[in-house]
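Asker: Take this structure first; my questions come after.
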């Protein structure tokens, strides 16, 4: 089951301070849905302002990105640039 | 399909002339200010002379009565927009704030904030009319400095701004918009483990992107609500979306045409003039053109954030860094949204440190709202960290490069912000620095050498591209991203490589919003990566179609056709014996074989590889004047795969140049009323060619496996190391650590005076 880490402190207000979870999901979209079910509001927070690092590679706005059972998933703030 | 075998590439990796080069050299290229329309009016924006004031009234009667004036707009002409957070453009955005930034409502929040605008039959009349608009202000106390703005008794800009990211939610509004934090390991254990600790404070100044072309646009709004916008920006789709949102217009009713862009660097990822010109055009019923003066660019548009960076490092005596704390307080300008998140994530990203604690604050004050600038936020935190690393090396009596080598992040290192690095080329940049001839060059009196490193994420995102085969066998590549850094050339090169035809036979076009699918703006060094991926895929689809057409002509199966060097060949003896068919021959018969040959691809590109860099800088300090001369500069960077090496080198050299300006001279000077004192290039000193030596660019190529040609973004990270590289070189030259930017001659002189005995009159 993929393990999800909430890297920044900002979104922990939705989780009561918890920062690591195991989530039954094989895509980013399913992970978001599952996290929102457990922590209402977190799904929208991820959708609007967070990127997902899967095994070190950053995905933004990528519902279909695949998660493997042993994937390292880190939620970080979205990235822009200049 | 991937094309990572460099030896097999014929076009990618070469240095052809850019397709838009002649136009730009001879002045034929059309920039934002070049557009003219029949019946066009001239717009002018009236701006606040106060840093912070309540608008009591705005009287426009006298302006409207001036002959030639056709329309005046104020905030009353813009729809009220609820506070709505979204991540669009190049960072977090609140559309209400964007609307208020384009036209002040209720209060002005900085010197230069727009309060009204006029459209008239000539620029002179428009200017005269702005003087006739009477604005009654109630001047309020203001605050410029980031730490002053954080004080409990500071003048508060927004009475509905409550600090996010703290628990419990504050009961009182403040200028601290957000607190962010990242942690790794056990910081208390890290400090116990450390044998030596060092704690320092550094400051950076907000600096402008200093693009040569001021903001400019022409907008024509018809009675049927359909609008056309010509403007210079980093994204025509961004202009369309923001104008639609701010004016309450359906996106389909706006067509945004991209002009050539004379520099952006992140500063043109927002709108300032377009919504105002659109409101004026709707009101006047005629096209409206607005061009900012340089003074308006400085007073009214967003600089990069500046701030305060506090760094604490703990290390073992052998140089292993075991603990790090980073505190970043960043200026957001008048509205929330500084790049404090990336600043926090980037500062320590180059190193493998087991115990880390990072905290950042996003702080508003009475300055223009910040905008993106190459690698937003990273230069600030990295100036602090990379200066402090050098100070630690001094304490450890260790070569600064060696200290970085010992602690460098590698594949498998867990970054302080969470992810585990994969496929990064940081160590390779350190190795290239070690191997470069730069380190062995002798230094003279008052000369010093500094090293610094840096990191930036790079991004992908949504891109559309089309490849059309023309009747004569040439190809047109259509993309939706303004060409800032030579991306027309890189798009044409990738398409030519896949099609197997000469680069000169591919013509790239940057299309308007009605002529190509949505493309996220040009920024974050994403275009060669993401749009290049779309172009490559479109070209591959065209090749599939070309093989089908050849198969039809030969009356064989498409599977029995191979495409090599721009020609179709039978796949083997069993396929039949046919003379090869060139792309040109197939194109000539396209009408008979099924019609035009073209393909459009729309993607959301993921997997932009991270950018790492190591820079070496040599300086000479004039002890008499405090002037710092850059003697040599070498920028080493993991670029993935250089599609057009000259433009990659150009990005590296440009980023370094801007970083040197940030290091040595650039700053906003405010008077005690909060008015900007230096809104022009005479008093805001950017580096010019004569200030700098040739900057040597060394490209390290660690190909990105997620891109068909291995490309990584290259335009962000080059601005990250220079401030610390220069500061470290100055410290090496004169033994004085400069911790506050800019390290300008007056500051150097004052620092030298503090370290030297007073000179005797006889000397």
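We did not get these values from a lab; they are worked out from the coordinates using the rules stated. Note that this is a predicted model, so its numbers are computed, not measured. Heads up, the Cβs are rebuilt from the backbone with ideal geometry, glycines too, and the neighbour counts pull from every protein chain shown.
Asker: In what sequence do B:46, B:282 fall when counting other Cβ within 10 Å, fewest first?
Answerer: B:282, B:46
Asker: What is the distance in Å between the Cα centroid of the stretch B:70-141 and that of the stretch A:23-82?
Answerer: Cα centres, the stretch B:70-141 to the stretch A:23-82: 37 Å.
Asker: When B:616, B:125, B:389 are ordered from fewest to most other Cβ atoms inside 10 Å of their Cβ, what list results?
Answerer: So the residues, fewest neighbours to most, are B:125, B:616, B:389.
Asker: Modelling each spin label as a point 7 Å along the Cα-to-Cβ direction, I'd like the residue B:682/residue B:557 distance in nm, to one decimal.
Answerer: Each label point lies 7 Å from its Cα, and together they span 7.7 nm.
Asker: How much length is gained if the chain between residue B:162 and residue B:747 is pulled fully straight, taking 0.36 nm per residue apart and subtracting their Cα-Cα distance, in nm to one decimal? Don't skip to the answer; put the middle values down first.
Answerer: Working: separation 585, 0.36 × 585 = 210.60 nm, distance 3.68 nm.
So the extension gain works out to 206.9 nm.
Asker: So how far apart, in nm, are the two label points at residue B:25 and residue B:431 if each is 7 Å from Cα heading toward Cβ?
Answerer: Modelled inter-label distance: 3.9 nm.
Asker: Give, in nm to one decimal, the length gained when the segment between residue B:224 and residue B:173 is fully stretched (0.36 nm per residue of separation minus the Cα-Cα distance).
Answerer: In short, 14.0 nm is gained.
Asker: Next up: With a ≥ b ≥ c the root eigenvalues of the C-alpha gyration tensor of chain B, is it rounded (a/c under 1.5), prolate (a/b larger than b/c) or oblate?
Answerer: It comes out oblate by the Cα gyration axes.
Asker: Let me ask you something else. Using only helices, what value at 222 nm comes out for chain B when you add -39,500 (n - 2.57) per DSSP H run of length 4 or more and divide by the total residues, to the nearest 500 deg cm²/dmol? Working shown, then result.
Answerer: Working: 20 runs with 205 residues, N = 763.
Only helices count here, giving -8000 deg cm²/dmol.
Asker: In whole Å, how far is the Cα centre of the stretch B:564-581 from that of the stretch B:424-501?
Answerer: After rounding, the separation between the Cα centres reads 35 Å.
Asker: Also, I was wondering about something else. Using a Förster distance of 22 Å, how high is the FRET efficiency between residue A:1 and residue A:47, based on the Cβ-Cβ distance and rounded to 0.05? Before the final figure, lay out each step's value.
Answerer: Working: r = 22 Å, r/R0 = 1.00.
Computed FRET efficiency for residue A:1 and residue A:47 comes out at 0.50.
Asker: Let me ask something additional. When Cβ neighbours within 10 Å are restricted to other protein chains, what is their mean count per residue of peptide B:180-189?
Answerer: Rounded to a whole number, the mean comes out at 2.
Asker: On a full-extension model of 0.36 nm per residue, what is the gain between residue B:251 and residue B:410, subtracting their alpha-carbon distance, rounded to one decimal in nm?
Answerer: Computed gain between residue B:251 and residue B:410 is 52.7 nm.
Asker: In addition: In peptide B:684-693, how many Cβ atoms from other protein chains are near each Cβ within 10 Å, on average?
Answerer: 0
Asker: Moving on. May I ask you to list the residues of the stretch B:115-143 whose amide nitrogen lies under 13 Å from a point 7 Å from Cα along the Cα→beta-carbon direction of residue B:62?
Answerer: Only B:128-136 pass the distance filter.
Asker: With each label point set 7 Å from Cα along the Cα-Cβ vector, what nm distance links residue A:18 and residue B:691?
Answerer: 5.3 nm
Asker: Just how far, in whole angstrom, is the stretch B:43-59 from the stretch B:226-275 if you go by their alpha carbon centroids?
Answerer: One Cα centre to the other: 24 Å.
Asker: While we're looking at this one, here's another question. Return P(r) of chain A (all Cα-Cα pairs; 10 Å bins starting at 0; whole %; ordered from short to long distances).
Answerer: Histogramming chain A at 10 Å steps yields 20, 60, 19, 1 percent.
Asker: Can you put B:144, B:212 in order of Cβ neighbours within 10 angstrom, beginning with the fewest?
Answerer: Details: B:144 21, B:212 10.
Listing B:144, B:212 from fewest to most nearby Cβ atoms yields B:212, B:144.
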